[in-house]
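Colleague: First the structure, then my questions, so here it is.
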Amino acid sequence: VVRQVTGKDYRWFFAEWTERPGLPTVWLTDVTARRGANGETLIEADIRQSGEPYRLSLPLLVKLRDGSTLARTVEIEEAQTPLRLRVHAPPARLLLDPEGILPLAAPPDTPPNADLNTYEFPEDLSARASSSGAGVSGLRRAPLDTRRPARRAEPRRPYRTSR
């Protein structure tokens, strides 16, 4: 029926969402921000998926320090998708799926209060503004025993659980 209405083959969609067990596991890693000579800031990050990757239209939001926001949708379908954004003001936060629209699972061994889909940038971008790919990677990096996860203003929907 879908093919008749749209003229497109969505077999891949139904295979991913109805036949495959579990949910997509997506998170941010290797987040950096650099101020350019022209005043713009270049944000670079990797969006990672574990397990067999899903094809997703992933909404993202950048909150800037001047109060403005930049919303984009990123198409991902690989285990790792690079992200590059230029913004006109220093960034405060980078959020994947900010409205909690997609049913996403947290990676195994993720602390219960961690939010791997939000990255908080330091106020001073000349300070180290990066997040490595090891372990809990959507957080501002700190010594392993003192990590403090970024928190959302509102809790995620109940379906956002580990497998």
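The values are calculated or read from the model by the stated rules, or taken from the named source; none is laboratory data. Note that this is a predicted model, so its numbers are computed, not measured. Backbone-built Cβ (ideal geometry, glycine too); neighbour counts: all protein chains shown.
Colleague: Quick check on the range 44-60: of everything there that is within 16 Å of Asp115 (Cα to Cα) and charged (D, E, K, R), which residue is surrounded by the fewest Cβ atoms within 10 Å (Cβ to Cβ)?
Modeller: Asp46
Colleague: Then there's this: For the range 9-17, does any single residue satisfy the condition of being in a loop (DSSP other than H, G, I, E, B), at pLDDT 95 or above and either surrounded by 12 or more Cβ atoms within 10 Å (Cβ to Cβ) or out of contact with any Gly (no Cβ under 7 Å at 6 or more places or on another chain) (or both)?
Modeller: The answer is no, given that none of the residues of the range 9-17 is in a loop (DSSP other than H, G, I, E, B), at pLDDT 95 or above and either surrounded by 12 or more Cβ atoms within 10 Å (Cβ to Cβ) or out of contact with any Gly (no Cβ under 7 Å at 6 or more places or on another chain) (or both).
Colleague: Checking the condition hydroxyl-bearing (Ser, Thr, Tyr), in a strand (DSSP E or B) and in contact (Cβ under 8 Å) with a residue 24 or more places away in the chain, which residue from Thr73, Thr32 passes?
Modeller: Just a single option satisfies the conditions, and that option is Thr32.
Colleague: Something else about it: Picking from Ile76, Ile43, which residue would you name as being among the β-branched types (Val, Ile, Thr) and under 24 Å from Phe14 (Cα atoms)? Outline the logic, then answer.
Modeller: Details: Ile43 fails: under 24 Å from Phe14 (Cα atoms).
Result of the check over Ile76, Ile43: Ile76.
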